[in-house]
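Novice: I'd like to ask you about the structure that follows.
The values are calculated or read from the model by the stated rules, or taken from the named source; none is laboratory data. Keep in mind it's a predicted model, so treat the numbers as computed, not measured. Methodologically, a virtual Cβ is constructed for each residue, glycine included, from the backbone with ideal geometry; neighbour enumeration extends over all protein chains shown. Surface areas here come from the heavy atoms of the whole protein model, side chains and all, with no ligands, DNA or RNA. Shrake-Rupley method; radii C 1.70, N 1.55, O 1.52, S 1.80 Å.
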Amino acid sequence: MLHNPKARHTARATQFLYLAVLVTLVITTFYPAPVEGVSIVLMLSVKLIPLLALVMLVFRGDNRGYIWLAFVVIFYFTQAVVSAWLSEGAPGPVILVTLTFALFTMAMVHLKVNRPVTG
């Protein structure tokens with residue numbers, strides 16, 4: 001629920017970044033090459049289910065959903081930083097680091113802008 005007209009912009013930006021992270025996770029499953037001997041369905045499930053569990057809350061603009069999204073995104077950010085470090089700056093993990101950082105930051109900005117009016 002949006003409590004402020006300005007929150008519409010931060011909600012849209014957060015939703016865009018949320019989708020960008022999902023797309024990047026799918027792309028990095030297949031590029032540069034899928035891991036041999038591991039089920040693609042299993043890999044996609046492990047990568048996507050924690051974020052997809054929040055899809056309705058994110059697109060509804062629920063503040064509690066954005067708080068949970070921030071908690072979940074921290075794990076993706078941490079994993080992406082480790083992958084970027086170990087791969088010595090491969091493009092996939094670096095893009096994921098950037099997107100997860102931006103998603104976390106935008107979710108926090110949205111929560112700041114979208115505070116309920118008390119009074």
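Novice: Could you list all residues from the range 107-119 that are open to solvent by 50 Å² or more (accessible area, probe 1.4 Å) and either on the phi > 0 side of the Ramachandran plot or aliphatic (A, V, I, L, M) (or both)? Full working, then the answer.
Specialist: Keep residues of the range 107-119 that are open to solvent by 50 Å² or more (accessible area, probe 1.4 Å), which gives 108-109, 112, 115-119.
Those that are open to solvent by 50 Å² or more (accessible area, probe 1.4 Å) and either on the phi > 0 side of the Ramachandran plot or aliphatic (A, V, I, L, M) (or both): M108, V109, V117, G119.
Novice: Could you look through the range 19-43, keep only residues that are over 22 Å from A102 (Cα atoms) and hydrophobic (A, V, I, L, M, F, W, C), and pick out the one that is least open to solvent (accessible area, probe 1.4 Å)?
Specialist: M43
Novice: Return the pair list, or none, for Cβ contacts closer than 6 Å from residues in the range 2-14 that are over 15 Å from D62 (Cβ atoms) to residues that are open to solvent by 70 Å² or more (accessible area, probe 1.4 Å), at least 6 apart or on different chains.
Specialist: none
Novice: Here's another thing I want to ask about it. In the range 64-76, how many residues are open to solvent by 80 Å² or more (accessible area, probe 1.4 Å) and either assigned to a loop (DSSP other than H, G, I, E, B) or touching a residue at least 12 places away in the same chain (Cβ under 8 Å) (or both)? Let's see the steps before the verdict.
Specialist: Here is the first cut: in the range 64-76, the ones open to solvent by 80 Å² or more (accessible area, probe 1.4 Å) are 64, 68, 71, 75.
Going one step further and asking which of them are either assigned to a loop (DSSP other than H, G, I, E, B) or touching a residue at least 12 places away in the same chain (Cβ under 8 Å) (or both), we end up with 68, 75.
Residues meeting the conditions: 2.
Novice: Here's another thing I want to ask about it. Check I49 against each of (1) at pLDDT below 95; (2) more than 17 Å from L99 (Cα to Cα) and name the one condition it does not meet.
Specialist: Among (1) at pLDDT below 95; (2) more than 17 Å from L99 (Cα to Cα), I49 violates only (1).
Novice: Please verify whether L103 is in a helix (DSSP H, G or I), farther than 18 Å from P32 by Cβ and open to solvent by less than 30 Å² (accessible area, probe 1.4 Å), treating the condition exactly as stated.
Specialist: yes
Novice: Give the range 77-92 a look and list any residue that's in a helix (DSSP H, G or I) and open to solvent by 30 Å² or more (accessible area, probe 1.4 Å), or say none.
Specialist: Selection gives F77, T78, Q79, V81, V82, S83, W85, L86, P91.
Rundown of residues vs (1) hydroxyl-bearing (S, T, Y); (2) in contact (Cβ under 8 Å) with a residue 12 or more places away in the chain, yes/no style:
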| position | (1), (2) |
| --- | --- |
| M56 | no, no |
| F59 | no, yes |
| D62 | no, yes |
| V82 | no, no |
| L86 | no, no |
| P93 | no, yes |
| T100 | yes, yes |
| M106 | no, yes |
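Novice: Further question: Can you say whether F16 is open to solvent by 60 Å² or more (accessible area, probe 1.4 Å), over 13 Å from M106 (Cα atoms) and not in a loop (DSSP other than H, G, I, E, B), as far as the supplied structure shows? So that I can check it myself, show each step before the final result.
Specialist: Details: open to solvent by 60 Å² or more (accessible area, probe 1.4 Å): yes; over 13 Å from M106 (Cα atoms): no; not in a loop (DSSP other than H, G, I, E, B): yes.
The answer is no for F16.
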